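Below is one structure, written out as structure tokens, with a few remarks after it.
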Amino acid sequence: MVVGKLKRNVFWLTVIGITLGAWSWNLLPLIIVKKKLNKHEAGFVKTHCSTDVTTQPQNFNSPTFETVPVSKTLKVCPAISDLLKGKLNVTFTEKNTGRRNWPPTLEEIAVNNPDLQVGGYYPGPRHCKPSDNLVIIIPFRDRDKHMRYLLHFLHLILQRQQARYMIIVAEQDNSAIFNKGQLMNAAFDYASKLPGHDFNCYFFHDVDLISENDRLLYRCQGEDKVVHLAAHIDKYNYLFCCGLTVGGVLGLTKQQFRKVNGFSNAYYGWGGEDDDINARILYVGKYKIYRPGEKFARFRMVSHKSDSANPKNPQRRRLLQNWRARQPKDGINSLEAKVTSVVKHLTHTRMLIKIKPEPK
Ligand code: UDH
Ligand code: MN
């Protein structure tokens, strides 16, 4: 009798044991999955509000998903950005890039620079305030390929330098002899009056020059000196070219450019306008010229022939001799060029400019 009761108890205990064992064994994987899911979801919920956590694994460190607090009292960006790379691979040969179209199209450049705003305006990094409000002015006609090289490299360089900037391409609207000074003065006039902006630093930039190092800063250096960046160019074996000139890439503050009355409007064809503003800078503005050392200040020029509608100006030496007499009334205060259209691309603002015809 006692033995029979014992047997029955063992039987029921075994049944209960097996049932409990099977139940917990079945539950175990569910508990593990649940734990994993909770951990996974927590990350997404906190960082991204993503809708589909299972099919879209995201990189939490991706800058696209970074939530940056919007603050009106941003700190000034550090003097040297920590995004700089140093020496750049500047090449104009397709096969060195592994890409099919080189230089990239304007559309590709826009896609590569998703933070650009219409008109080629970059408002600066989200977490700090750039020191300058910078404009890059590019005198231009019929150098489409050069422009795409420059826009490709320059946007990346300026954004790594944590600049706030706009790029303006100042294009002559006819096939008459080129007048670089009038184009650059007209673009300065436009940019300096643009509502909603207060641009204080202007770099005048040949379309065919590309900086080989992003440590060369596109930045104004105070009111007592202007900045000449393009002193060492591969085409001239990186020798400081041509003695006096400030050609190629030149930066002035708004105040400095106004003080010297901008560029002369009188130089038609190649040469002279840079020597002329060099004299204005030294003797009217009494500014120093800051030239960063050759270690960083190195440029490549896209190779080109001289343009038939930009022949050497035979008058350039004669004009330069009387630069001082002309300076007070030849410049931004006497500009007669007319802006015929302004088109705002994502990558740049394109101005078409009708220059004053050359006096006969
Ligand atoms: N520019 C144009 N289109 C022109 C002429 C000039 O866009 O038709 C602009 C452009 O920004 C260019 C700048 O003006 O970079 C200066 O003109 P340039 O590049 O012709 O001047 P550079 O001093 O030319 O480089 C030297 C003469 C080249 C002769 C080469 C012979 N091997
Ligand atoms: Mn050139």
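All of the numbers you see were taken from the coordinates with simple rules; none came from a lab. Computed from a predicted structure; not experimentally measured. Quick reminder, even Gly has a Cβ in these numbers, built from the backbone with ideal geometry, and neighbours come from all protein chains shown.
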Report the FRET efficiency, 1/(1 + (r/R0)^6), for S341 and Q221, where r is their Cβ-Cβ distance and R0 is 25 Å, rounded to 0.05. 0.15
Nitroxide proxy distance, nm - points 7 Å out along Cα→Cβ at H127 and D189: 4.3 nm
So for segment 183-257, averaging the separation of alpha carbon pairs under 8 Å that are six or more residues apart and normalising by length, what relative contact order in percent results? 38 percent
So, R0 is 51 Å and r is the distance between the beta-carbons of N89 and E358; what FRET efficiency does that work out to, to 0.05? 0.75
Segment 262-312: trypsin sites (Lys or Arg not before Pro) in DSSP coil with no more than 16 other Cβ atoms inside 10 Å: K286, K295, K305
If you filter segment 142-239 for trypsin sites (Lys or Arg not before Pro), then keep DSSP loop positions with at most 15 other Cβ within 10 Å, what is left? K193
Can you compute the modelled spin-label distance between K235 and K288, with each label point 7 Å from Cα toward Cβ, in nm? 3.0 nm
